[in-house]
Amino acid sequence: MHRSLAALAALAFVAASFLGPTAALALRSGQPAPEIGLTDRAGQRVDLQSLRGKVVLVDFWASWCAPCREELPVLERFYRTYRERGLVVVGVNVDQDVSNMTRFLERQPLTFPVVHDAQHAVAGRYDPTTMPSSYLIDRAGVVRSVHRGFRAADAAGLEAEIRALLEAN
């Protein structure tokens, strides 16, 4: 029995070494932004390649997420304020059931593109560690900052980052 316990401990160590914490795998600043490649609610395919030359904020959210409900109106305001200067906001909803997303968006309309990622195809490439998670991407397609979670006090800093990227060439 002692030997099987030692074997189990060794197996757990090997598994932990390969799997590691998810934060170690999460997309970080300085890395190329993974493709989205899903269709938004208007039937348009959202491809980052076609958004090169724009500053893009990709935001992962869910209808059950309280901080997301606080963040999304802020992102809508940013989009309306800065879209003429080159900002694109893309919402990636990770609800399993599309009707949860639809009901949410009836109460909280958004004008920026929103895709439904029930299979977590996009989330699997970005690996958000919390809801919401936002990835600010420069005009060349490189992630410049990652924001995990949201509090109202975060809005001013995020807006400053957006403005700085919009002003950079």
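What the table below lists for this structure:
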| read-out | value |
| --- | --- |
| Probe 1.4 Å, accessible area per residue of the range 83-128, Å² | 47 |
| Computed accessible area, residue 129, all protein chains, 1.4 angstrom probe, square angstrom | 60 |
| For the range 35-169, with +1 on Lys and Arg beta carbons and -1 on Asp and Glu, the positive-most of 105, 116, 162 along the dipole | 162 |
| Kirkwood Rh in Å, taken over all unlike Cα pairs in the range 23-107 | 14.3 |
| Protection proxy ranking, peptides 87-93, 27-33, average beta carbon neighbours within 10 Å, highest first | 87-93, 27-33 |
| Average silhouette area of the range 100-144, convex hull of alpha-carbon atoms, in square nanometres | 4.2 |
| The range 122-169, accessible surface, carbon-and-sulfur percent (1.4 angstrom probe) | 48 |
| Among beta bridges that DSSP assigns inside the range 35-169, antiparallel share in %, nearest 5 | 55 |
| Full-extension gain in nm, residue 44 to residue 152, via 0.36 nm per residue minus C-alpha separation | 35.8 nm |
| Estimated FRET transfer efficiency when R0 is 22 angstrom, pair residue 120-residue 161 (beta carbons, to 0.05) | 0.25 |
| Debye equation applied to the C-alpha atoms of the range 41-169, log10 I(q)/I(0) at 0.19 Å⁻¹ | -1.09 |
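The values are calculated or read from the model by the stated rules, or taken from the named source; none is laboratory data. Every value quoted in this text rests on a predicted model; they were computed, and no experiment measured them. We place every Cβ from the backbone using ideal geometry, glycine too, and count neighbours over all the protein chains shown. These accessible areas exclude ligands, DNA and RNA; they are computed on the full protein's heavy atoms, side chains included. Shrake-Rupley method; radii C 1.70, N 1.55, O 1.52, S 1.80 Å.
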